[in-house]
Amino acid sequence: DFTTNFMFRALAANIYGKTDITERHRHRYEMNNRYIEPLEQAGMTISGYSAKQHLVESVEIPNHPWFIAVQFHPEFTSSPRGGHPLFNSFVKAARNYSDNK
């Protein structure tokens with residue numbers, strides 16, 4: 001099974017409208033936990049963890065108009081008529097930025 005439950009906070013939780021989500025996930029990479037504290041002190045938010053292993057799954061930069069990076073595959077559940085919440089949010093933020101330049 002390549003689906004994983006995630007616990008979100010910050011922008012990610014706002015985008016999904018909930019804090020507990022399930023996404024398709026398969027990779028060999030994970031964040032080295034030694035870097036979590038220095039990254040957070042520098043302003044990055046660790047916004048999502050896998051529910052079972054408590055591995056970092058998403059990061060955000062709060063003072064950026066829209067910066068969120070994820071380990072899972074939102075493209076697998078997106079379509080032209082039903083965009084993934086992350087893609088929809090990114091396009092909305094880009095339009096907002098363009099309209100307010």
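The values are calculated or read from the model by the stated rules, or taken from the named source; none is laboratory data. All values reported here derive from a predicted model rather than from experimental measurement. Because the Cβ atoms are built from the backbone with ideal geometry, glycine has one as well, and the counts that use them run over all protein chains shown. The area values use the complete protein model at the heavy-atom level, side chains included, leaving out ligands, DNA and RNA. Shrake-Rupley method; radii C 1.70, N 1.55, O 1.52, S 1.80 Å.
Tabulated values for the structure
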| quantity | calculated |
| --- | --- |
| Check on Pro38, surrounded by fewer than 15 Cβ atoms within 10 Å (Cβ to Cβ) and part of a loop (DSSP other than H, G, I, E, B) | no |
| Enumeration of residues in region 79-101 that are polar (S, T, N, Q) and open to solvent by 40 Å² or more (accessible area, probe 1.4 Å) | Ser79, Asn88, Asn96, Ser98, Asn100 |
| Filter result for the condition that a residue is modelled with pLDDT under 85, open to solvent by less than 50 Å² (accessible area, probe 1.4 Å), at negative phi and among the aromatic types (Phe, Trp, Tyr), over Phe2, Phe8 | Phe8 |
| Filter pass, Glu57 being part of a helix (DSSP H, G or I), modelled with pLDDT under 95, closer than 20 Å to Asp20 by Cα and among the charged types (D, E, K, R) | no |
| Selection from region 50-77 of residues that are more than 26 Å from Val91 (Cβ to Cβ) and open to solvent by less than 50 Å² (accessible area, probe 1.4 Å) | Ser50, Leu55 |
| Identity of the residue in region 18-35, of a type outside the set (A, V, I, L, M, F, W, C) and touching a residue at least 24 places away in the same chain (Cβ under 8 Å), that ends up least open to solvent (accessible area, probe 1.4 Å) | Glu23 |
